[in-house]
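Notes for the one structure printed next.
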Amino acid sequence: MQVLITVQEMRAACRAIRRNGQSLGLVPTMGALHAGHIALVRAARSQCDVVAASIFVNPTQFGPNEDFAKYPRTFEQDCAMLRSESVALVFAPQPEEMYPTGASTIVEVEGVGDRLDGASRPGHFRGVATVVAKLFHIAAPDKAFFGQKDAAQVAVLRRMVRDLNFDLELIVCPTMREPDGLALSSRNRYLSAEQRTRALVLSSALNAISAAYRAGQKDVARLLEAGRHAIAAEPEVRIDYLAIVDWDTLMPFTEARAGALVAVAAHVGSTRLIDNTILE
Ligand code: PAF
């Protein structure tokens with residue numbers, strides 16, 4: 001496994017793979033890898049000849065009072081996991097490599113990028129779209145792999161790929177969960193045992209909404225009420241948003257339908273968690 005730290009090295013390594021006639025799958029990450037990331041790597045391995053991953057805690061997608069400084073950094077462990085999954089290339093640049101002095105170009109996905117997490121975390125999706133656009137240009141993968149857990153991010157990146165004519169396919173892989181339903185997230189490691197138990201109300205709320213929908217309830221206000229009721233079982237869990245939206249536009253529905261995205265973000269102590277499900 002090659003670990004590359006400059007744009008030039010990564011670009012050359014990816015170019016060599018393409019020249020060799022091999023397809024390239026890219027798994028962009030911020031490190032602190034868990035089984036959800038490994039599922040993305042395995043999906044990439046099953047669909048592409050060669051897999052590359054990036055590990056970059058992207059400063060531009062964190063707000064001034066967010067957890068950039070304390071975001072878990074477990075580089076050696078991450079590399080060991082990627083090596084054992086036969087990842088060929090790891091791109092691990094420093095912030096100055098990705099954002100040299102004077103860099104002033106940003107990618108802003110208007111509309112979609114201002115909804116859900118984009119509304120709660122102003123500028124977040126601008127940072128995500130900018131860094132992912134740069135990774136796509138550097139690696140030029142055939143396919144790029146993202147988790148459904150970050151469903152709003154997926155909507156923003158799908159729009160960006162379409163609008164900016166990136167010649168790649170964006171593949172979305174299912175959310176990985178602990179046996180008790182907690183969605184895997186690098187931020188779960190911030191939770192105390194007690195907070196971790198409280199956080200289970202998020203998947204319970206999504207399940208309550210799905211069950212009510214399957215039982216015939218289509219009214220979004222009532223479905224959301226069922227979700228809020230489930231979360232209220234843990235008064236220390238503070239809802240940021242709970243919404244039923246179109247997964248492409250992130251615009252809210254008033255009447256639920258199959259394929260709608262039910263998305264929640266909430267604070268458990270000082271940790272902000274997100275989760276979602278699709279109505280069937
Ligand atoms: O989902 C993430 O880990 C990040 O937002 C991403 C896509 C790697 C961009 O920094």
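The values are calculated or read from the model by the stated rules, or taken from the named source; none is laboratory data. Given the structure is predicted, the values throughout are model-derived calculations rather than measurements. A quick note on method: Cβ atoms are made from the backbone with ideal geometry, for glycine too, and the neighbour counts reach across all protein chains shown.
Looking at region 60-76, can you tell me whether even one residue there is buried (at least 19 other Cβ atoms within 10 Å of the Cβ), out of contact with any His (no Cβ under 8 Å at 6 or more places or on another chain) and at pLDDT 95 or above? Checking region 60-76: not a single residue is buried (at least 19 other Cβ atoms within 10 Å of the Cβ), out of contact with any His (no Cβ under 8 Å at 6 or more places or on another chain) and at pLDDT 95 or above.
Looking at ARG222, ARG198, which is the one that is among the basic types (Lys, Arg) and without any contact (Cβ under 8 Å) to a residue 60 or more places away in the chain? Within the list ARG222, ARG198, the selection yields ARG222. Taking region 165-200 as the range and being exposed (fewer than 13 other Cβ atoms within 10 Å of the Cβ) and more than 17 Å from ALA39 (Cα to Cα) as the test, the residues that pass are ASN165, ASP167, ASP180, ARG189, SER192, ALA193, GLU194. If you filter region 34-58 down to residues that are assigned to a loop (DSSP other than H, G, I, E, B) and free of Cβ contacts under 8 Å to residues at least 60 places away in the same chain, you find that the one that is farthest from the ligand (Cβ to nearest atom) is ASP49. Apart from one condition, ALA140 fits all of (1) in contact (Cβ under 8 Å) with a residue 12 or more places away in the chain; (2) under 21 Å from TYR241 (Cα atoms); the exception is (2). For ARG19, the criteria (1) over 15 Å from the mean Cα position of the chain (by Cα); (2) over 15 Å from ASP142 (Cβ atoms); (3) without any contact (Cβ under 8 Å) to a residue 40 or more places away in the chain hold in every case but one, which is (2). Going through region 11-33 one residue at a time, which ones are assigned to a helix (DSSP H, G or I), in contact with a helix residue (DSSP H, G or I) (Cβ under 6 Å, 6 or more places away or on another chain) and buried (at least 17 other Cβ atoms within 10 Å of the Cβ)? Matches in region 11-33: CYS14 only.
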